[in-house]
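The values are calculated or read from the model by the stated rules, or taken from the named source; none is laboratory data. Small disclaimer: the values here were computed from a predicted structure and weren't measured. With ideal geometry, Cβ positions are generated from the backbone for all residues, glycine too; neighbour counts draw on all protein chains shown.
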Amino acid sequence: MSPSRRLATLPCGRRSKWVVLALWLVLLVVAGPLAGKLTDAEDNQASSWLPGNAESTQVLTEQRAFQPVDTAQAVVVYERPGGITPADKVEAARDAAAFASTPHVLGQVVGPVESADGQALQTIVPIDIGTGGWQDLRPAVDSLRDTAAADSLGMTTHVTGPAGIGADQAEAFAGIDSTLLAATVSVVIILLLLTYRSPVLWVLPLFSAAGALVVSQAVIYLLAEHSGLTVNAQSAGILIVLVLGAGTDYALLLTARYREELRRHEDRHEAMAFALHRAGPAILASSATVVASMLCLLIAEMNSTSGLGPVCAIGVVVALAAMTTLLPALLVIVGRWVFWPVKPAFGTPEPTRTGRWAHVGAWIGQRPRKVWIGTSLALAACCVGLVSLNVTGLSTAGTFTGKPDSVVGQEVLEQHFPAGTGAPLTVISTAAEAEAVRAATLATAGVASASMPRTHEGEALFQATLADPPDSPAAEKTVDRVRDAVHAVPGADAKVGGSTAVILDAGRAATADNRAIIPLVLGVVLVILALLLRALTAPLVLVATVVLSYAAALGISAFFFEHVFHFEGVDHAFPLFVFVFLVALGIDYNIFLMTRVREESAHRGTRAGAVAGLAATGGVITSAGLILASTFAVLGTLPVVGFAEIGFAVALGVLLDTLVVRSVLVTAVTMDLDRHMWWPSKLARQVPPPKEELARQL
């Protein structure tokens with residue numbers, strides 16, 4: 001017995017299966033409480049999202065010398081279109097006194113200040129961000145809203161500014177883990193029931209995937225607590241979708257191969273050993289591709305992106321372990337009855353050999369060149385939508401699918417006060433050159449005002465209010481002009497930060513990450529495919545189809561974002577996230593299909609092998625794609641545009657991969673290239689069967 005065969009028997013041996021089950025049960029008992037603590041270990045402070053070496057990030061760090069505790073400004077805005085009355089001013093002043101004693105409010109409350117048009121008042125309240133990031137803003141902002149609205153004398157009141165926006169973002173992310181988990185599990189159960197057509201079989205893959213999620217969350221929690229791994233709400237949410245989706249994919253592939261082997265082997269232990277031996281390399285290569293792609297994110301400048309890589313990689317590794325040890329043990333323990341009502345009896349024919357996908361393969365085999373050219377042209381036409389993909393970032397209002405109070409308040413604030421009020425720039429320089437830096441800032445177009453500098457141990461800090469909305473392109477251009485101006489002051493060592501600078505730096509870092517990581521992921525995937533398939537032509541073809549599928553998915557998504565969902569644009573990191581998930585997961589289906597095609601081609605010839613491979617894997621690839629697409633579509637249930645866009649684009653791309661690219665385009669290209677698909681391996685030198693024999697096989 002070969003080493004790989006011997007290894008494949010370990011999870012499904014007559015005695016070892018019980019050992020595997022016992023080990024996993026002990027692991028789950030230990031991991032359960034730790035997994036529940038992951039939310040507490042999340043770091044949602046600004047520094048966990050921003051590029052580590054950006055100027056705005058440096059300002060966030062250095063300004064702690066002036067105020068040791070991080071704060072965010074809440075702007076309470078009162079409006080009366082007919083004009084503010086003296087009673088309104090008294091009430092707003094009474095509110096300001098109450099704000100000062102609100103929990104988490106730290107520092108001096110400024111205001112109320114009346115607008116130039118006499119129709120609005122504003123009060124600025126500094127709030128302690130604390131160690132919990134935006135989550136610590138919610139109770140304070142909720143208290144401010146309750147106080148301001150309690151007796152507003154007919155005025156409309158809103159809480160906006162960085163603190164108000166952060167609190168509404170925290171509200172949007174509230175319960176994200178439980179919401180995603182419940183929705184994803186529901187989707188997986190429904191689709192597994194439809195796939196297996198068995199009332200009990202779905203329990204085993206779902207239990208195994210859920211176990212993988214619990215263990216991966218426990219491992220990530222331990223690393224976050226003791227090894228400095230950064231986890232935030234974004235990475236924790238995507239982890240749930242990825243582990244359940246990818247884990248279920250691996251389960252479908254293994255279960256489908258096990259069902260085949262049960263028809264060939266009377267002993268279920270032997271059938272599972274063969275299934276693991278034959279499907280294991282594809283599952284291993286698939287997970288290795290995802291893990292390697294995720295680890296490529298480590299080179300990202302954006303901390304939120306670089307932190308996502310290891311979190312997702314850990315999840316996929318644990319999912320691989322669960323699906324190649326726990327699931328096989330469970331399937332062998334319960335026996336054939338779990339497939340009821342259609343149990344795969346020993347000696348019965350494999351239905352996929354004459355099923356729907358066998359007919360599709362035969363149809364493609366009659367005209368492979370026409371099929372792949374036509375399919376490629378159709379996908380290329382979908383890519384036209386890329387010209388309207390607006391990768392310029394999202395404004396504050398554009399980040400929400402709805403219109404929370406902070407967005408309404410920001411609009412009111414911009415009508416009556418300088419647009420940058422409540423989200424000023426923060427400028428730090430040497431104390432000796434502070435006045436020169438302030439003068440240079442005030443002389444810059446787009447700056448409305450600047451506070452007096454505060455000094456501390458040879459450094460100075462002041463804030464500058466912008467004339468334009470802080471999340472607008474005009475404000476970002478002002479940041480560049482201010483930086484140019486203050487950097488030119490000799491000996492000042494000036495740095496410019498603040499909300500607008502953060503948006504600007506994050507967008508530029510994300511764009512740089514796109515340029516660096518996308519080619520790297522393509523190279524890694526190409527190498528893995530070449531090693532797996534022992535060829536060069538096939539990997540190049542497969543990578544090309546993945547890129548085409550990705551571009552088509554973005555093109556279609558751009559149309560829906562603009563004309564159906566009416567989103568204002570996409571985040572700068574959107575192309576990278578969609579690319580990594582689509583390429584890493586889309587390659588899964590390439591691997592599932594082409595490893596089987598290669599196996600069949602060795603004794604049938606490539607064209608007949610392509611038909612046989614599609615017949616054997618078409619059903620499981622379709623089911624896996626539907627499940628994975630549905631799990632990512634669950635992201636669209638969150639009231640956050642960025643998540644909704646990623647979920648939609650990835651779900652659409654996975655469906656294109658499953659139903660069009662893998663099943664039709666790749667199969668047609670393989671048939672057309674025939675044995676040359678495997679160049680330079682020995683399969684490329686295989687003598688094709690006579691036309692009569694090939695026609696009979698097809």
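Remarks
- Ala629 vs. criteria surrounded by fewer than 24 Cβ atoms within 10 Å (Cβ to Cβ) and of a type in the set (A, V, I, L, M): no
- 3 or more residues within 21 Å of Ala182 (Cα to Cα) and touching a Leu at 6+ places or on another chain (Cβ under 6 Å): qualifying helices (runs of 4 or more DSSP H) within the range 192-295: 203-226, 233-264
- Among residues of the range 597-648, those that are outside any helix (DSSP H, G or I) and within 22 Å of the chain's Cα centre (by Cα), counted: 3
- Count of the range 209-239 residues, restricted to those that are at pLDDT 85 or above and within 11 Å of Cys312 (Cβ to Cβ), is 3.
- Restricting the search to helices (runs of 4 or more DSSP H) fully inside the range 360-457 and requiring at least 1 residues that are surrounded by fewer than 19 Cβ atoms within 10 Å (Cβ to Cβ) and in contact (Cβ under 8 Å) with a residue 60 or more places away in the chain gives 368-382, 405-416.
- Single unsatisfied condition, Val338 versus (1) in contact (Cβ under 8 Å) with a residue 24 or more places away in the chain; (2) touching a Gly at 6+ places or on another chain (Cβ under 8 Å): (2)
- Some residue of the range 73-87 being at pLDDT below 85 and aliphatic (A, V, I, L, M): no
- Looking across the range 5-38, the residues that are surrounded by fewer than 20 Cβ atoms within 10 Å (Cβ to Cβ), among the small types (Gly, Ala, Ser) and either under 23 Å from Ile283 (Cα atoms) or at pLDDT below 85 (or both) come down to Gly13, Ser16, Gly36.
- Of all the listed residues (Thr102, Thr123, Thr157, Thr147), the sole one being in contact with a helix residue (DSSP H, G or I) (Cβ under 7 Å, 6 or more places away or on another chain), modelled with pLDDT under 85 and not in a loop (DSSP other than H, G, I, E, B) is Thr147.
- Residue match in the range 361-372 (condition: under 33 Å from the mean Cα position of the chain (by Cα) and farther than 30 Å from Ala163 by Cβ): yes
- Some residue of the range 304-314 being part of a helix (DSSP H, G or I), of a type outside the set (Val, Ile, Thr) and more than 30 Å from Val502 (Cβ to Cβ): no
- Flag for Leu331 being buried (at least 17 other Cβ atoms within 10 Å of the Cβ), within 30 Å of Ala273 (Cα to Cα) and touching a Phe, Trp or Tyr at 6+ places or on another chain (Cβ under 9 Å): yes
- Residues that are surrounded by fewer than 23 Cβ atoms within 10 Å (Cβ to Cβ), of a type outside the set (Gly, Ala, Ser), assigned to a helix (DSSP H, G or I) and touching a residue at least 24 places away in the same chain (Cβ under 8 Å) within the range 477-502 comprise Lys477, Asp480, Arg481, Arg483, listed in sequence order.
- Residue among Val90, Val75 that alone is among the β-branched types (Val, Ile, Thr) and in a helix (DSSP H, G or I): Val90
- Looking across the range 140-169, the residues that are touching a residue at least 40 places away in the same chain (Cβ under 8 Å), closer than 17 Å to Lys89 by Cα, of a type in the set (Gly, Ala, Ser) and surrounded by fewer than 22 Cβ atoms within 10 Å (Cβ to Cβ) come down to Ser152, Gly154.
Here's the yes/no breakdown for (1) on the phi > 0 side of the Ramachandran plot; (2) at pLDDT 85 or above:
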{"residue": "Val412", "(1), (2)": "no, yes"}
{"residue": "Thr421", "(1), (2)": "no, no"}
{"residue": "Ala450", "(1), (2)": "no, yes"}
{"residue": "Glu457", "(1), (2)": "yes, no"}
